[in-house]
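Below is one structure, written out as structure tokens, with a few remarks after it.
The values are calculated or read from the model by the stated rules, or taken from the named source; none is laboratory data. Predicted model only: the values in this text are computed from it and were never measured. FYI the Cβ positions are ideal-geometry reconstructions off the backbone, even for glycines, and counts take in every protein chain you see. Just the protein is used for accessible areas: all its heavy atoms, side chains included, with ligands, DNA and RNA removed. Shrake-Rupley method; radii C 1.70, N 1.55, O 1.52, S 1.80 Å.
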Amino acid sequence: MVIRIAAVGDVHLDEDVVGRFRPALEEMPNHADVLLLAGDLTRHGTEAEAQCVAREFGGLGVPVVTVLGNHDYQCNEVPQVVEVLEAAGITVLEGNGTVLDCGGSRLGIAGVKGFGGGFAGRCAADFGEPEMKAFVQVSTESADALKAALHSLDCDLLVALTHYSPVPDTLAGEPPEIYAFLGCYQLGQAIDSAPTTLALHGHAHHGTERGTTPGGVRVRNVAHPVIKQAYSVFHLGEHLEPGEVSRMGSLGTRPAWS
Ligand SMILES: [Fe+2]
Ligand SMILES: [Fe+2]
């Protein structure tokens, strides 16, 4: 049994973008069993922008599961944004997970927005000023929440969904000076602590698509500016080696902006 996972992040919707993804999304049931959104659904996190997301990604005929991104927090309307998305049938994860029945196989998805902090040798440390400790504490608590969610799911295949990156590999192309604001190693440790098959993230618009955690879990940056298509599809199946992922070719329309 193969489970087909469609994914995209950083669609940054507002009124002027609504409709650009929809033609490709209408074909979703033919290509995928589920659509995962890797955060930054909106530009500034307003309720009005969330309504745009609901119109674009609601009623697709497949389950839609998302995490929020930093842009979705900008206007302090997260509760309203979540309410609008959930009303459209979109499952919003933050430190929890969900299990979907995909043709008899149980697909577990654990999600968290995540946070920055950096990676081995170039990371923020829990030392010194209270502000620095608070910054690192957010990274640690977010990773701990992802770890708990990953371990809570009873499923056949396990996927980690974040906005921030769990590895530096998929940041290649971004200025090294901002890696610490694009992800943190603690997320990678959380992913490696569980039998995770695939890790998906966004946020790094100028990054690279493919990476691997230190423990060997495949990581994919599905930020729209990176994949340059409406969504990517990953096939996960029992006939593949653990963690093996194959990616279908270009699907759907390519919106004209990035
Ligand atoms: Fe983004
Ligand atoms: Fe972002």
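Being within 16 Å of ligand 1 (Cβ to nearest atom), open to solvent by 50 Å² or more (accessible area, probe 1.4 Å) and among the β-branched types (Val, Ile, Thr) is the requirement here; does Ile227 meet it? When the stated conditions are applied, Ile227 does not pass them. For region 64-82, state whether one or more residues are within 15 Å of Val159 (Cα to Cα) and more than 16 Å from ligand 1 (Cβ to nearest atom). Within region 64-82, one or more residues are within 15 Å of Val159 (Cα to Cα) and more than 16 Å from ligand 1 (Cβ to nearest atom).
Would you check if there is a residue in region 93-112 being at pLDDT 95 or above, part of a helix (DSSP H, G or I), more than 16 Å from ligand 2 (Cβ to nearest atom) and not charged (D, E, K, R)? No: region 93-112 contains no residue that is at pLDDT 95 or above, part of a helix (DSSP H, G or I), more than 16 Å from ligand 2 (Cβ to nearest atom) and not charged (D, E, K, R).
Those residues that are within 15 Å of ligand 2 (Cβ to nearest atom) and either of a type in the set (Gly, Ala, Ser) or over 17 Å from Gly108 (Cα atoms) (or both), I need them from region 188-221; list them, please. Hits for region 188-221 are Gly202, His203, Ala204, His205, His206, Gly207, Asn221. Residues in region 52-71 that are among the β-branched types (Val, Ile, Thr) and either in a loop (DSSP other than H, G, I, E, B) or open to solvent by 10 Å² or more (accessible area, probe 1.4 Å) (or both): Val62 only.
Here's the yes/no breakdown for (1) under 15 Å from Gly121 (Cα atoms); (2) surrounded by fewer than 24 Cβ atoms within 10 Å (Cβ to Cβ); (3) at pLDDT below 95:
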position	(1), (2), (3)
His151	no, yes, no
Glu174	no, yes, no
Gly183	yes, no, no
Thr196	no, no, no
His203	no, no, no
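Considering only residues of region 221-252 that are of a type in the set (Ser, Thr, Tyr) and modelled with pLDDT of 50 or more, which is farthest from Asp10 (Cα to Cα)? Per the criteria, the residue is Ser232. Give me a count of the residues in region 23-46 that are of a type in the set (D, E, K, R) and either surrounded by 23 or more Cβ atoms within 10 Å (Cβ to Cβ) or within 13 Å of Ile227 (Cβ to Cβ) (or both). Result for region 23-46: 1. Being open to solvent by 20 Å² or more (accessible area, probe 1.4 Å) and either at negative phi or without any contact (Cβ under 8 Å) to a residue 12 or more places away in the chain (or both) is a property that does not hold for Glu49.
Restricting region 4-22 to residues that are more than 12 Å from His224 (Cα to Cα) and open to solvent by 10 Å² or more (accessible area, probe 1.4 Å), the residue that is nearest to the chain's Cα centre (by Cα) is Arg4. For region 72-88, the condition of being touching a residue at least 12 places away in the same chain (Cβ under 8 Å) and touching a His at 6+ places or on another chain (Cβ under 7 Å) holds for at least one residue. Whenever a residue of region 177-204 is free of Cβ contacts under 8 Å to residues at least 40 places away in the same chain and under 21 Å from Pro225 (Cβ atoms), its partners that are within 16 Å of ligand 1 (Cβ to nearest atom) and among the hydrophobic types (A, V, I, L, M, F, W, C), lying with C-beta atoms within less than 7 angstrom and at least six residues away or across chains, give the pairs Ala204/Leu171; Ala204/Leu182; Ala204/Ala223. Among the residues of region 21-38, the ones that are more than 16 Å from Gly89 (Cα to Cα) and within 16 Å of ligand 1 (Cβ to nearest atom) come to 2 in all.
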